[in-house]
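Let me begin by presenting the structure, written as structure tokens, before commenting on it.
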Amino acid sequence: DGGITQSPKYLFRKEGQNVTLSCEQNLNHDAMYWYRQDPGQGLRLIYYSQIVNDFQKGDIAEGYSVSREKKESFPLTVTSAQKNPTAFYLCASSIMWNAGQSSNQPQHFGDGTRLSIL
Amino acid sequence: GESVGLHLPTLSVQEGDNSIINCAYSNSASDYFIWYKQESGKGPQFIIDIRSNMDKRQGQRVTVLLNKTVKHLSLQIAATQPGDSAVYFCAFKAAGNKLTFGGGTRVLVKP
């Protein structure tokens, strides 16, 4: 079945450590996204990528980095510069939304990675 | 399971009754709207979407209504079932290939 796989499901970070969250999709989607979700809040966009080797900052990119070397993969690194990393991280993918409403299709989500501080 | 959100607005509904969840948006340029359902510890699951050239769209037991005049979106769930208990998010597309999400509403179905 096609879908989005995030790993690991749970991750712990030590002080001063960088950690990388994995996201893989086999939906043949061009666009991929990383969101952060805190309790009692909606999803906030960290980074997104519309094509291989290109990505853009979202609303809360500080302390995070990404790469897009392959269409299927969009890993997120939470760096030591992110002082409040404890959250639920969600990866999504979609087709490209070109001009015109007919191309709009929903983003599909993985089941998330919960990151905590040791 | 783990809580998705601890302080979300909550809608309590009796099993078998209809549920209505509301969402307001601010960007009049938004042209595509989506409702997602999120169960505890999982990612959001697509329910239904609507484009701005429509004002109503129906799915299986769900209906989305769009009022562009007052920038209001609603999700109606018919004959609410225990499996409908979850957090529901609206999302809307504005500029670029990005979505903006609402804060979410928790639906609790009472047996």
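The values are calculated or read from the model by the stated rules, or taken from the named source; none is laboratory data. Being a predicted model, the structure only gives us computed values, none of them experimental. Cβ sites come from the backbone with ideal geometry, for glycine too, and all protein chains shown count toward neighbours.
In region A:4-28, which residues are part of a loop (DSSP other than H, G, I, E, B) and out of contact with any Leu (no Cβ under 6 Å at 6 or more places or on another chain)? Matches in region A:4-28: A:P8, A:K9, A:E15, A:G16, A:Q17, A:N18, A:N26, A:L27, A:N28. Taken over region A:29-64, the criterion of being in a loop (DSSP other than H, G, I, E, B), modelled with pLDDT of 95 or more and closer than 15 Å to A:L115 by Cβ is satisfied by A:I60, A:G63.
Looking at region B:17-46 only, could you name the residues that are closer than 19 Å to A:Y35 by Cα, more than 9 Å from chain A (Cβ to nearest Cβ) and assigned to a strand (DSSP E or B)? The answer is B:F33, B:W35, B:K37. Of all the residues in region B:95-105, those that are at the interface with another protein chain (Cβ under 10 Å from one of its Cβ atoms) and either free of Cβ contacts under 8 Å to residues at least 12 places away in the same chain or part of a loop (DSSP other than H, G, I, E, B) (or both) number 6.
Note on region A:1-45: among residues that are within 12 Å of chain B (Cβ to nearest Cβ), of a type outside the set (G, A, S) and without any contact (Cβ under 8 Å) to a residue 40 or more places away in the chain, the one that is surrounded by the most Cβ atoms within 10 Å (Cβ to Cβ) is A:L45.
Just to be sure, is B:L11 more than 11 Å from chain A (Cβ to nearest Cβ), in contact (Cβ under 8 Å) with a residue 40 or more places away in the chain, aliphatic (A, V, I, L, M) and assigned to a strand (DSSP E or B)? Working first, answer last.
Values: more than 11 Å from chain A (Cβ to nearest Cβ): yes; in contact (Cβ under 8 Å) with a residue 40 or more places away in the chain: yes; aliphatic (A, V, I, L, M): yes; assigned to a strand (DSSP E or B): yes.
Yes: the conditions hold for B:L11.
Listed by position, the strands (runs of 3 or more DSSP E) contained in region A:70-117 that have at least 3 residues being modelled with pLDDT under 90 and facing chain B (nearest Cβ under 10 Å) form an empty set. Return the residue satisfying two criteria in turn: it lies in region B:47-94 and is more than 10 Å from chain A (Cβ to nearest Cβ) and of a type in the set (G, A, S), and of such residues it is surrounded by the most Cβ atoms within 10 Å (Cβ to Cβ). Step by step, filter region B:47-94, then rank; the result is B:A86.
Scanning region A:52-67 for residues that are closer than 17 Å to A:S94 by Cα and either crowded, with 19+ Cβ neighbours inside 10 Å or touching a residue at least 40 places away in the same chain (Cβ under 8 Å) (or both) gives a single hit, A:F55.
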